[in-house]
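What follows is a short report on a single structure.
The values are calculated or read from the model by the stated rules, or taken from the named source; none is laboratory data. Note that the structure is a prediction, hence the values are computed from the model and not measured. Don't worry about glycine lacking a Cβ; one is built from the backbone with ideal geometry, like all the others, and counts go over all protein chains shown.
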Amino acid sequence: MTVASRPRVAALALAVGLVLADSSIVVLALPEIYRELDTSVAGVTWVLISFNLVMALVAVPAAHLARRFGPGRTGAVGLAVFAGASLACGLSAELGTLIAARCVQALGGAAAVTAALELLPAATGSERRAVALWAAAGATGAALGPAVGGLLTELVSWQSIFLFQVPVAIVAGAPILAIARHEAETGILAAELRSTGRPHLLANLALAMVSAAIAAALFLLVLLLIEGWRLTPIGAAVVVSVMPLAAFFGSRIGPQVAGTRARAAAGAILVSGGLGGLALLPKAEVALTLPPQLLIGVGLSLVLSALTETALAGRAPQAIHGGWTISARHAGVVIGLLAVTPIFTADIAEQRRDAIDAGTAVVLDSPVSPLLKLELAQRIEDQLDDERGRVPTIGPAFEPLPDDPEERGEVVQLRDELQEQLNRGATHAFSPSFGLGALIGLLALIPIGLARRVDL
Amino acid sequence: MLLVAGSIAATAALVLAYLAAGGSSYAPAQVQDPCQEREWRDPEGLQQLAEQFSLSALDGAACELGVSRETLARALATPESRERFTRRYGIEDSQLARAIRAGLLRAVVDAEEAGALNPLIAAPLRETLRRIPLEQAIELIDDAEVLLDQLQTFLGPAQGLLEQFLP
């Protein structure tokens, strides 16, 4: 890579990271969007699903467009569309408009990402380096997305996540626009490469399955932290930033100690193990989510890069095969979200009922006076109404605390026991969905194992 | 292979550690079936007897309606919550009244069996409860102390004896 090509490489990596971060960047903002746009959990999930679904559907056609009209031109137009749609997302006041804008964002994003893969070999001077950089930029973007989104949601608003992307897309687009101008002046479009083979089905299948598991992990963990354990978006962002940190560590050690197949298998096992740990949380404590996150972070960096490299190795044109990996990853995210959302929403409703029943039993069997019990029951009922079906914070129902020290002690104990039941319910509600994610991750070992013998 | 073996070991260690710490049973406590007998604590005085009586009545009414004691307790907290409850479970006011009366009668039986209420009081109490209107029955389930006060009135000249029959 020459000094002159460095800004171009940086711009291309930034474009890839920016677009692929979008598949997860709104995860921490979903509870905020859910409340502000007055929708349902299933409805708000479509803010994520729509983007990933369109990415999955258009990634390969977008790669063909990049081949036909030139990667510079396609990339520049794609980023412009992405920036415009991001602005529209940021200005959306209704769920329908937001989802429509997200679809357009994905159209532009798919064009930019696949075009970037076509442009990177020339900019880096090596096809292998280009693929590794493209895969790493995508994995970094996807891993960093939730933390950045959480920070922006807490410090500014959920809309700022999208508005923030507009200038970033413009910065990334400037060097790509220069390439587009060069294409227009010279008439040189893509390098004329002979097509070498069909997409790597097993690697792409494994990529889809692992992406489904990772999407489930991120989506569910964020909802558990914010909706279940009532962390602020910034608090949740700090907690989930363990995953990208672990992913960074994994990306440094992985390639040095093993080949692509071993990295893919080890990564899938770690992602499943982390999800298994989240399914078996023994207490509602943030610290207990850290070891599973470490496993998932290291695992995702190993498996995503290994499978992407496998899917692209020896295949041309890179943009088309890169398009297939993007398509597989985003299809996996959609499948993961569609698989866990109904289970999770049904479970949280059931667990909420069980937790409230268990909490009421604590109140009824407590030593506080019957009149105070009745008063507390009324306040708890009001608090539940205010929380609109969410897992409630029960503290306000106990305010003000009684003046009598003995009664005060009893009420505080009662409040803590009731909150413990609610925490148990919230945590337990996520277990089956985390378990399903772990199973999907483990199943990815089948195509990874088969790819050892058969190379489709 | 070292990387794969390390991943398996890390995964197994995490899952086993969380299982050992109780990860498979971290869920809300299960509430008791209201149709099953619930142990009576030894009441000390009228207030505690009234409280045990209310809980027993709630169990009986909940059993009759096929809901948990806890769901019924929340439903009876306010007129609005009661309306939501009857709408959700498709329960008529007359059904609710029957259930609450049945609950109050069960409370009398439970109190009698627990030795907390003398049979001489239990018999007239049952008669009173069979004729009680819904609103008053709900009030009684909220605070059975009222019931025991009313019982004193109902017993008229014999009310002085009441205290002797209460523990």
Given the conditions (1) facing another protein chain (nearest Cβ under 10 Å); (2) surrounded by fewer than 19 Cβ atoms within 10 Å (Cβ to Cβ); (3) at pLDDT 85 or above, and given that residue B:36 satisfies all but one, which numbered condition is not satisfied? (1)
What's the number of the only condition in (1) of a type outside the set (Phe, Trp, Tyr); (2) more than 10 Å from every other protein chain (Cβ to nearest Cβ); (3) not in a helix (DSSP H, G or I) that residue A:296 fails to meet? (3)
Any residue at all in region A:325-337 that is within 14 Å of chain B (Cβ to nearest Cβ) and closer than 30 Å to residue B:5 by Cβ? no
Scan region B:60-70 for residues that are facing chain A (nearest Cβ under 10 Å) and touching a Leu at 6+ places or on another chain (Cβ under 9 Å) and jot them down. B:69, B:70
From the options A:101, A:88, A:93, A:106, residue that is surrounded by fewer than 24 Cβ atoms within 10 Å (Cβ to Cβ), outside the structural domain of residue A:318 (by TED's automatic domain parsing) and either touching a Phe, Trp or Tyr at 6+ places or on another chain (Cβ under 7 Å) or not in a helix (DSSP H, G or I) (or both): A:93
Yes/no for residue A:274 being within 12 Å of chain B (Cβ to nearest Cβ) and either within 19 Å of the chain's Cα centre (by Cα) or in contact (Cβ under 8 Å) with a residue 24 or more places away in the chain (or both): yes
So if I check each of B:89, B:18, which one is at the interface with another protein chain (Cβ under 9 Å from one of its Cβ atoms) and either surrounded by 20 or more Cβ atoms within 10 Å (Cβ to Cβ) or of a type in the set (Phe, Trp, Tyr) (or both)? B:18
Test of understanding: among B:23, B:6, which residue is of a type outside the set (A, V, I, L, M), more than 22 Å from the chain's Cα centre (by Cα), surrounded by fewer than 19 Cβ atoms within 10 Å (Cβ to Cβ) and at the interface with another protein chain (Cβ under 8 Å from one of its Cβ atoms)? B:6
Inspect all residues belonging to region A:29-52 and state whether any of them is touching a helix residue (DSSP H, G or I) at 6+ places or on another chain (Cβ under 7 Å), under 14 Å from residue A:172 (Cα atoms), assigned to a helix (DSSP H, G or I) and not hydroxyl-bearing (Ser, Thr, Tyr). no
Please determine whether any residue of region A:387-395 is at pLDDT 75 or above and exposed (fewer than 15 other Cβ atoms within 10 Å of the Cβ). no
Answer residue from region A:297-333, given it is of a type in the set (A, V, I, L, M), over 20 Å from residue A:446 (Cβ atoms) and within 18 Å of the chain's Cα centre (by Cα) and is surrounded by the most Cβ atoms within 10 Å (Cβ to Cβ) among those: A:326
Among (1) within 29 Å of the chain's Cα centre (by Cα); (2) at pLDDT below 90, the one test that residue A:370 misses: (1)
More than 10 Å from the chain's Cα centre (by Cα) and at the interface with another protein chain (Cβ under 7 Å from one of its Cβ atoms): does that describe residue B:12? no
